[in-house]
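Derivation of every value follows stated rules applied to the coordinates shown; laboratory data play no part. Predicted model only: the values in this text are computed from it and were never measured. All Cβ positions, even for glycine, are placed from backbone atoms using ideal geometry, and neighbour counts span all protein chains on display.
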Amino acid sequence: MANYRTSRIIPIILVIVIIIIAIASLVSLARVVFFSGSSTETSQVDVSQDALLNTGMTHSVQMTVRGPIVADEEFHSYQIDISPTSRTLRTYNGYLGSVVNEVTLDNSVAAYEQFVFALDKANLTKGTELEGDKNDVRGICATGRVFEFAIINGTDVVKQLWTSTCKGSKGSLDASVDQLQSLFVAQIPGAEPLIKRVNL
């Protein structure tokens, strides 16, 4: 009788153990599928935010603005680079980037810190970089302006996001371009007349 009961209990226990293992496996699989992507995205955001807020001498931020795709003589763009030690504005003419005007000013770590924290509050790191052809801005928004923002460490671009004034070319930036552009331009006293001089 004891053997009969044992022979009935053992298969039941085995079935219960198998069910528990199956449930545990499904839960683990669900975590990998549904939650691993979000944690990766969070870590990428944290890396770019850390790089943005770092006031070390190798760190800098950059904004590049280019105008409509027109004849070489009529094409204009400008770039503003801000680091803990310097602030530079360059305006360009033509697709080969002939410098029209250049202004270079000193900067301080304290001023840079305030600036990058303002960029962070304006969501500069918000947005996911596009890949491949989707991240190629050549020819994008041919009748409007294209804005590129980069967070740089030394010679490495930690994160680069872009947007444009054309509705069909939103790009990767998920923040107010007007707010970010104003913050960059305000770092260079007298920048606006120089930018207007190249029709931007």
Tilt, helix 109-121 to longest principal axis of the chain (alpha-carbon atoms), in degrees rounded to tens, equals 60
Using the C-alpha atoms of the chain, what convex hull volume per residue, in cubic angstrom, is computed?
170
Please label the shape of the range 100-140 as rounded, prolate or oblate, based on the square roots a ≥ b ≥ c of the eigenvalues of the alpha-carbon gyration tensor (a/c under 1.5 means rounded; beyond that, a/b larger than b/c means prolate, else oblate).
oblate
Using the Cβ atoms and a cut-off under 14 Å, what net charge is assigned to the surroundings of Thr88, where Lys and Arg are +1 and Asp and Glu are -1?
-1
What full-extension length gain, to one decimal in nm, is calculated for Asn135 and Val109 as 0.36 nm per residue of separation minus the Cα-Cα distance?
6.2 nm
A chain fully extended from Ser25 to Cys166 at 0.36 nm per residue, minus the present Cα-Cα distance, gains in nm 46.0 nm
Mind checking the range 107-200 for GluC sites (Glu not before Pro) that DSSP puts in a loop (not H, G, I, E or B) and that have at most 10 other Cβ atoms within 10 Å?
Glu131
Considering only Phe115, Leu26, Phe184, whose Cα is most displaced toward the positive end of the charge dipole of the chain, charges sitting on Cβ of Lys, Arg (+1) and Asp, Glu (-1)?
Leu26
I need to check one value: relative contact order of the chain, counting alpha carbon pairs closer than 8 Å and at least 6 residues apart, in percent.
21
Could you please rank Tyr95, Tyr112, placing first whichever residue has the fewest other Cβ atoms within 10 Å of its Cβ?
Tyr95, Tyr112
Helix 2-53 vs. the chain, principal-axis angle (Cα, 0 to 90°, nearest 10)
10
About the Cα centre, charge dipole magnitude for the range 59-197 (Lys/Arg +1, Asp/Glu -1 at Cβ), debye:
320
